[in-house]
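The next block holds one structure in the form of structure tokens; read it before the comments.
What follows draws every value from the coordinates through simple rules; no lab data is involved. What you are looking at is a predicted structure, and each value in this text was computed from that prediction instead of being measured. Heads up, the Cβs are rebuilt from the backbone with ideal geometry, glycines too, and the neighbour counts pull from every protein chain shown.
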Amino acid sequence: MLKLSLFRRTIALVLLLSFTLINTACTDLKAIRAFTESSTEIGKGFPNLAKDLSASCKRQRTFQGIQRNQFRPDRLVAITHPEPGSPDFRKLERECRAFTEIEEPLIAVNDVLMEYLAAMGALAADDLTAYGDGLDGLGNSLTNGNIFNAGEVGAIKGIANFILKASTEGYRRKQLKNALEENNNNIKTISYALQRIIAEKYVLQLKNEREQMRSYYSTSILQYGDYMRRMVAQRRQTGLAQGGHRVAIVRAQDEPDVEDPLPIIRVKRIWDEDEKEIQDKIAGAEAYGKAVAKIAEGHQKLYRERNQLGSKEALKIALTYGQTIKSLVDDFREAF
């Protein structure tokens, strides 16, 4: 009886410990799901960022065109609102084609990264992995613009193949460890590629746009001052030619070079608004770059904990990186 009682207590203890471990693992895997959910949020607004590449280029060229044709009202409408198919429209499209061509592959690679993170979340939840539309036509997209090197293209296709395999073969939670092992290096490669292109292409283009915008506004204000000085000089000459109007002449001479500063004040307000919009976009783009860097970093640390994903350390990693990425998502959304 004593042996039987001891055996029953041992079985009960084993069952209790097993139940506790299962619950702990589920809780920790929920933290991994939270990490992936925060990470995928950064990708939702990315198409808006990618499409602003060519838009920023066109805004820069528009500022240049207006500045060159400041005193030709007949040209301003054609420059600022060119008709599709018109010479001005074709010129703008041609000058910004290099940016237009890289928008599609950038969106496609962002989709691959987000699809993988969604698959990670599904595996953590022990759900079936779904095949996303973002993977359709991936091979053709990567050839546009020639912005990814051979190693980066290989990493992108490697992750895409894993997602398709996970979807078609019905991967579940037990394959989460394999996902981390198989894709860790690829995630680092894709993360770096996206950071590099956003910094070298988009952020740099925004800064070029800002410089052109500043040139336009500052030049316009100087030209307005020159215009008003000419107007004052003409009034003085008119007063001298008429004679007998000494009071009018004195008043003209005492007037400042710019009689009406209100247009300058209004222009400065518009200038400030444009400055803020560009700065918000630069900050948003930098937040995206930081977020994908944190995604790769968090993935690397989870990879190190892949044999004990239910541990407190894995839980801490997932929660910490999830919160950090969430704050970057908020910064990103300010602009996109």
Using the beta-carbon distance between E182 and R333 and R0 = 30 Å, what value does 1/(1 + (r/R0)^6) give for FRET efficiency, to the nearest 0.05? 0.40
Summing +1 per Lys or Arg and -1 per Asp or Glu among the other residues with Cβ less than 10 Å from E41's Cβ gives +1
Please list 3J(HN,Hα) in residue order for the range 271-279, calculated via the Karplus relation 6.51 cos²θ - 1.76 cosθ + 1.60 where θ = phi - 60°; whole Hz, with x for glycine and proline. 4, 4, 5, 5, 4, 5, 4, 5, 4
Counted charge near C96, where neighbours are those whose Cβ lies closer than 9 Å (Asp, Glu -1; Lys, Arg +1): +2
15 Å beta-carbon shell around G170, net charge (K/R +1, D/E -1): +1
On a straight-distance basis, which lysines could pair with K281 in a cross-link, Cα separation under 25 angstrom, same-chain partners fewer than 8 positions away excluded? K44, K51, K58, K188, K201, K207, K268, K290, K294, K326
Taking the Cβ of each residue in S327, S56 as the centre, tally the other Cβ atoms inside 10 Å and list the residues starting with the fewest. S327, S56
Residues meeting the amide H criterion for T129 (H placed from the backbone, H to H distance under 5 Å, 5 or more places apart or on another chain) are Y171
How far apart, in nm, are the 7 Å Cα→Cβ label points at S218 and L204? 2.2 nm
In nanometres, what is the gap between the two model label sites at D272 and K165, each 7 Å from Cα along Cα-to-Cβ? 5.8 nm
Calculate the spin-label point distance for I264 paired with H81, positioning each point 7 Å from the Cα along the beta-carbon direction, and give it in nanometres. 3.1 nm
Starting from 0.36 nm per residue, how many nanometres of slack lie between F89 and K30 once their C-alpha separation is accounted for? 16.1 nm
